[in-house]
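The values are calculated or read from the model by the stated rules, or taken from the named source; none is laboratory data. Note that this is a predicted model, so its numbers are computed, not measured. Glycine also receives a Cβ, built like all others from the backbone with ideal geometry; neighbour counts cover every protein chain displayed.
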């Protein structure tokens, strides 16, 4: 934000958007890594309770956050917009709210033996939810056709400022065809990549260098994400499907390839959040703060308790060899489920790159604000729970919570 137009103005959004092919390749990198998590043999080994938590969170998020998103977006745009114009914004807020952050080490007591099953469940459910988030937004983007007339935000017409987003229409059969075409191209890219990965691994083993693997990986993410972007589809969805297909094709070199690309995970995360700060709309309105606050409070109202209930049933079924809900330091970890999933920023960036309008940049701002508010609420609730746990007799309460 400090480097963008809202700060020093050193980097202009127009300069970043001019390099959109490189940015789309970055999103493809994220999608491919998430797709690798969908290996069928690993999914079969997951406890059934893990998938139940993911499904329950998805259903609750679609109902709760979807309702809030539609209401607040209609309020923001003056209750005058046809429903197709709200498909992508609503899908973005829902998908960005799906799941939670997988990191648990920052919480006090996360390394305690009693907390390890809870931390593992948070990581597993958060990773699987990222797949669902990309699917939801990808479907929404595919079923929306863009026109050329701007949408007007509430009050912008009177102020004489054109709005932020191009007119859209709902395209049923074109959307189905678009999804099928993207899936077919992604699968074809994966088949090509399967043989390229083997060739690159053989060359790298002979020469002791990962340059060939890097070239293959960059080619895969650029091809998968670039084709989707040219078709007006989600580059994240196309790259994720490519990763899913590659992960489920038997190849002895896949694990080494995964380890190679995961090395850049932290660098890519920094780049994604840097781009989000540069492309968001720095002129934050009270409407954006209200929408972000409403979504963050709604997340705090159900996500920690939903996870705790699902984890308690997982324990009751004997999946982890225990019969009680998490308590003490392990119970504090459930408030980590209130934090936003790291895939939220790439989701919002993908919408901005497909249509770099002021409205979409404002949506990116809302997603960033939701992440900040959710993190603050998670810190507040975990600190409150820690103080409650320190009181005399709290161990009895913890065991029953």
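Summary table below
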read-out: Matching entry among 72, 61, 77 (being under 17 Å from the mean Cα position of the chain (by Cα) and crowded, with 18+ Cβ neighbours inside 10 Å); value: 61
read-out: Qualifying residue in region 76-86 (condition: part of a helix (DSSP H, G or I), touching a helix residue (DSSP H, G or I) at 6+ places or on another chain (Cβ under 7 Å) and under 18 Å from residue 366 (Cβ atoms)); value: yes
read-out: Residue count, region 263-294 (criterion: surrounded by fewer than 18 Cβ atoms within 10 Å (Cβ to Cβ), in contact (Cβ under 8 Å) with a residue 12 or more places away in the chain, assigned to a helix (DSSP H, G or I) and over 20 Å from the mean Cα position of the chain (by Cα)); value: 2
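Residue-by-condition table, conditions (1) modelled with pLDDT of 85 or more; (2) out of contact with any strand residue (DSSP E or B) (no Cβ under 6 Å at 6 or more places or on another chain); (3) assigned to a loop (DSSP other than H, G, I, E, B):
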residue	(1), (2), (3)
5	no, yes, yes
11	no, yes, yes
22	no, yes, no
31	yes, yes, no
54	yes, yes, no
